[in-house]
Amino acid sequence: MTTRLYLITPPQLVPAAFADALARALDAGDVACVQLRLKDVSDDAIRRAADALRPVAQQRGVAFLMNDRPDLALATGCDGVHVGQQDASYAEARRRLGAERIVGVTCHESRHLAIEAAEAGADYVAFGAFFPSATKEAKHRADPEILRWWSELMTVPSVAIGGITPENCAPLVAAGADFLAVISAVWNHPEGPAAGVKAFVSAIAAADGADEQGQGQNP
């Protein structure tokens, strides 16, 4: 499976203006998922953002997830929710959202947490942070080897997160990450979000090609 992009919204945004940036980003290349992650804002602000951004993603066949809040994910018609270890539990999220919607779980650098989440029925597990992040100070650091271990052991997809850029993503792609979760490297790209997505698409393709060549040389 080719590694795909998983975009997370920036920490602050103006929904109407950001909807245009999101549309440009999604039109620029393959994106699997968009996660709305707004902290320290009101529920109404989250609802307004979801109402503005969800159609942009869903009209393009891109899954739209809510961070932390299964209740708001359900209320605003999201495709699912992402929960951390300090957020709503996986069990609560699944109970609220049912079997059809996506529930993903943060597992940091823990093999144990990832196996627990997968066995409970999580749709994906997220590992990280792999690199220092400009968006969020990482309390956990993961090694690409955990992605390799996971991809060889499990069929549940993995998401890599934390400071990922087009320049440093190759080891994560080679290790078997199904998705790269990205914030700053797309939204703060000097040439705009569309250029950020294009840079990732090119970097993933190059890393996939290098990995396939390497496998061919080692029968």
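Let me know the shape class of region 74-129, please: from the alpha-carbon gyration tensor, a ≥ b ≥ c as square roots of the eigenvalues, rounded when a/c is under 1.5, otherwise prolate if a/b is greater than b/c, or oblate.
It comes out prolate by the Cα gyration axes.
Using 7 Å Cα-to-Cβ label points, what is the T2/D27 separation (nm, one decimal)?
2.1
How would you rank Y6, Y90, going from fewest to most other Cβ atoms within 10 Å of each one's own Cβ?
Taking fewest neighbouring Cβ atoms as first place, the list is Y90, Y6.
Rounded, prolate or oblate, given the Cα gyration tensor of the chain, with a/c below 1.5 counting as rounded?
Note, shape of the chain comes out oblate.
Where in region 130-184 are there chymotrypsin sites (Phe, Trp or Tyr not before Pro) that are in a DSSP coil and have at most 13 other Cβ atoms within 10 angstrom of their Cβ?
none
What distance in nm separates the two pseudo spin-label positions at H140 and I115, each 7 Å out from Cα along the beta-carbon direction?
Distance between the two pseudo-spin positions: 1.5 nm.
Read-outs throughout are calculated quantities, based only on the coordinates presented, and are distinct from any laboratory measurement. All figures in this text were calculated on a predicted structure; none of them were measured in a lab. Reconstructed Cβ throughout: ideal geometry from the backbone, glycine too, with neighbour counts over all protein chains shown.
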